[in-house]
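For reference, the structure discussed in these notes is given below.
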Amino acid sequence: GEDVEQSLFLSVREGDSSVINCTYTDSSSTYLYWYKQEPGAGLQLLTYIFSNMDMKQDQRLTVLLNKKDKHLSLRIADTQTGDSAIYFCAASREGRRALTFGSGTRLQVQP
Amino acid sequence: DSGVTQTPKHLITATGQRVTLRCSPRSGDLSVYWYQQSLDQGLQFLIQYYNGEERAKGNILERFSAQQFPDLHSELNLSSLELGDSALYFCASSVVAPGALYNEQFFGPGTRLTVL
């Protein structure tokens, strides 16, 4: 089955860029998503990318997809303390009914 | 606010007991998903319902069951609870039909279950 992996922790200084990485195993994955989970809250969809795209930019967020290496990254420009949260990547595949989530990367932003 | 509501927010109970978690999806969403988030297992898909029918099962234990009612709200029933069932249980809803290419799911705030 699908396996999605992420590093567990990332610490950056306020104002720097953050890059959160994710790898997945199923080359049939069609959509890849980034969710954010703040303490005590549910998951909030940040952005997504379709598998035929290499890059997607949305304000401070840039998603890069390397389909050959099955590698996905989320770059947050000008990281703020409010960006401190757990970030999950997830993958879906045509015909598959649920998302497969990575273990989440805890982003800590130092003031 | 995602529009998905879950009750209760917190639940503390003892081993061997049975609890029911409730979820109301966003207006218009026919799909409801249940996930379990624990420290050691991460975020695990449990089960999906679409318009009242079970459509997919993930890592759901036999002690757990769910249903979706005609008004589309869903309940997750957990019985013979064990210490290891302590976790955050999330409900998510989606407007897309099962198997659709794009599957944006909106998550509720979760129910934190503590089994003592």
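Set the Förster distance to 45 Å, then compute FRET efficiency between B:Leu116 and A:Ser27 from the Cβ-Cβ distance, nearest 0.05. Rounded to the nearest 0.05, the efficiency is 0.50. Within the straight-line cut-off of under 18 Å between alpha carbons, the lysines reachable from A:Lys67 are A:Lys56, sequence neighbours fewer than 8 places apart in one chain being disregarded. For GluC sites (Glu not before Pro), the sites in region B:18-110 that DSSP calls loop and that have at most 12 other Cβ atoms within 10 Å are B:Glu62, B:Glu82. Kirkwood radius for chain B, taken over all pairs of different Cα atoms as the inverse mean of 1/r, rounds to 14.0 Å. Percent of C-alpha pairs per 10 Å bin in region B:34-77, short distances first: 28, 53, 17, 2.
Note on B:Lys57: lysines with a C-alpha under 27 Å away, same-chain residues under 8 apart excluded, are A:Lys36, A:Lys70, B:Lys9.
All alpha carbon pair distances within the protein assembly as shown were sorted into 10 Å bins beginning at 0; the resulting P(r) in whole percents reads 8, 33, 35, 19, 5, 0. Consider a paramagnetic label point 7 Å from the Cα of B:Glu82 along Cα→Cβ; state which residues of region B:1-29 have an amide N under 19 Å from it. Within reach of a label on B:Glu82: B:13-20. Among the trypsin sites (Lys or Arg not before Pro) found in region A:22-111, those both in a DSSP coil and sparsely packed, with 16 or fewer other Cβ atoms within 10 Å of their Cβ, are A:Arg60, A:Lys67, A:Lys68. First select every other residue whose beta carbon is under 10 angstrom from the beta carbon of A:Gln80; then total the charges, Lys and Arg +1, Asp and Glu -1. The answer is -2. Between B:Leu61 and A:Gln80, the FRET efficiency estimated from the beta carbon spacing at R0 = 30 angstrom works out to 0.15. For region B:80-96, putting each phi into the Karplus relation 6.51 cos²θ - 1.76 cosθ + 1.60 with θ = phi - 60° gives couplings of 6, 4, 10, 4, x, 7, 4, 5, 9, 10, 10, 10, 10, 10, 8, 8, 7 Hz, in residue order, rounded to whole numbers and with x for Gly and Pro. Derived value for region A:14-111: Kirkwood hydrodynamic radius 13.7 Å. Basis is the mean of 1/r over every pair of different alpha-carbon atoms. Look at the stretch A:67-75: the mean tally of other chain Cβ atoms within 10 Å of its residues' Cβ atoms is 0.
Computed from the coordinates by the stated procedures, all read-outs in this text should not be read as laboratory data. A quick note: this is a predicted structure, and the numbers were derived from the prediction, not measured. For neighbour counting, all protein chains shown are included, and Cβ atoms are generated from backbone atoms with ideal geometry for every residue, glycine included.
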